[in-house]
Amino acid sequence: MICASRCSDATRAVSLSLADAAGTCRAAVVGVAGPRLTEDERQILRARPPWGFILFKRNCGSPEQVRQLVSELRSASNRPDAPILIDQEGGRVQRLQPPHWSARPPARQIGALAEEDRAAGREAAFLLARLIAHDLRGLGITVNCAPVLDLALPEQTSAIGDRAFSADPELVAELGQSAIAGHLAGGVLPVIKHLPGHGRARVDSHVALPVVECARPVLAASDWTPFRACAGAPLAITAHLLYTALDRQRPATLSPSVIEEVIRGEIGFGGGLLSDDLSMAALGGSLGERAARAREAGCDIALHCNGRQGEMIEVLEAAGPLEGAGAARLARALAQRTPPGAFDPIAAEAQLADLLRSVGHYHAEGIA
């Protein structure tokens, strides 16, 4: 824990460098502690404005409160168009929850439908994404960290579980493409995750570093298939996994060879690349070291989620200014967000429910 006095001292120290940071955003996305900004947080964001922000359940109370927080984040950073991110997948990973927002089905339920009727599954994936985008856009949230394109493999950690569509790479690819299209149709940017594939992890990367001992040809023929099919997505998130066939020393997030040769090369992803949350226990070193190493490896954005001010300052300082090829990739990503067309959410809700009725035997886990 960082005590209040240390946070205040650190905040004042960062604020001293306001002049040389003016007009330059940092190559980072950060979370904040609660439903409203504190004065210390305002000073941090004013001194080192990040590229964007990410919201969690702790930040989301009511629609009006979320809209107010979004406005405060953009105002404090002096970035009126700063991207606002969230993880609103459906199922267990849903930051906006009832009673103000509808509970959404998990990806696995969409996959179960697609295994029975491929066309119906694609339609359901599109409708789910379109409905989520409708919810988000009304709050000023512009980026959703979904869909998950990891394979639903039997040995995987429950941290993925029903967040994955299916074990079939081609089916995941199809449903991923439909989900991407649904987000974009709703004026919200999707973020595919977790490159180059989290499906073989046997431990939760929030608590330890998963090690995947699988031959490269097997990974290329299976795990990478959905990501190759969706390589035109605007944004993506890396995996904190160590793939021994790719880099025996460094997890993907911190590996120049995995990012350059696999993610950018064999998979062909050309969009903006975000690290997964740098505060996860899979990574070692200080938060500043993690951010610097992720950026050096090729991540365009360092992601820090827990809202702890001391860590946030470290990440913002270490991430450096957003410039060069990374800035260009992110600008192209943002350009893919366009205003949505006409949409009837009530009709779409009914249509999605009707499609999923045939797989109603599947019971999603409780929302967390």
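Each reported figure results from applying straightforward, stated rules to the coordinates on display, with no laboratory input. A quick note: this is a predicted structure, and the numbers were derived from the prediction, not measured. Cβ sites come from the backbone with ideal geometry, for glycine too, and all protein chains shown count toward neighbours.
For Thr157, the residues whose amide H sits under 5 Å from its own are Ala201, Arg202, Val203, ignoring neighbours fewer than 5 places away on the same chain, with H placed 1.01 Å from N. Charged side chains reduced to their Cβ positions (Lys and Arg at +1, Asp and Glu at -1) give the chain a dipole of some 680 debye around its Cα centre. The modelled label-to-label distance for the pair Ala353/Arg332, using points 7 Å beyond Cα in the direction of Cβ, is 4.2 nm. Here the residues Leu316, Leu189, ranked from fewest to most Cβ neighbours within 10 Å of their Cβ, fall in the order Leu189, Leu316.
Protection proxy ranking, highest mean first, for peptides 36-48, 132-144: 132-144, 36-48, where packing is the per-residue count of other beta-carbon atoms within 10 Å, averaged. For helix 287-297, report the angle its Cα long axis makes with the longest principal axis of the Cα atoms of the chain; keep it between 0 and 90° and round to the nearest 10°. Between helix and principal axis, roughly 60 degrees. Listed values for segment 346-357 are Karplus-derived 3J(HN,Hα) couplings in whole Hz (6.51 cos²θ - 1.76 cosθ + 1.60, θ = phi - 60°), namely 5, 5, 5, 4, 5, 5, 5, 4, 5, 5, 7, 4, and x replaces Gly and Pro. The relative contact order of segment 23-340 comes to 18 percent, based on Cα pairs under 8 Å that sit 6 or more residues apart. DSSP assigns beta bridges within the chain; of those with both partners inside it, close to 10 percent run antiparallel. Annotation: amide H-H contacts under 5 Å for Trp51 (H modelled 1.01 Å from N, sequence separation of 5 or more, or interchain): Arg26, Ala28. The residues neighbouring Leu219, those whose beta-carbon lies less than 14 Å from its own, together hold a net charge of -3 under the Lys/Arg +1, Asp/Glu -1 convention. A simple spin-label model places the labels of Arg58 and Ser102 3.0 nm from each other, with each point 7 Å out along Cα-to-Cβ. Axis angle, to the nearest 10 degrees, between helix 169-185 and the longest C-alpha principal axis of the chain: 60 degrees. All C-alpha to C-alpha distances of the chain, sorted into 20 Å bins beginning at zero, yield P(r) values of 31, 59, 9, 0 percent in whole numbers.
Extension gain, Asp204 to Glu261: 0.36 nm times the residue separation minus the Cα-Cα distance gives 18.0 nm. With respect to the chain, whose longest principal axis is taken over its alpha-carbon atoms, helix 118-137 is tilted by about 30°. Arranged from fewest to most other beta-carbon atoms within 10 Å of their beta carbon, Thr253, Thr238 become Thr238, Thr253.
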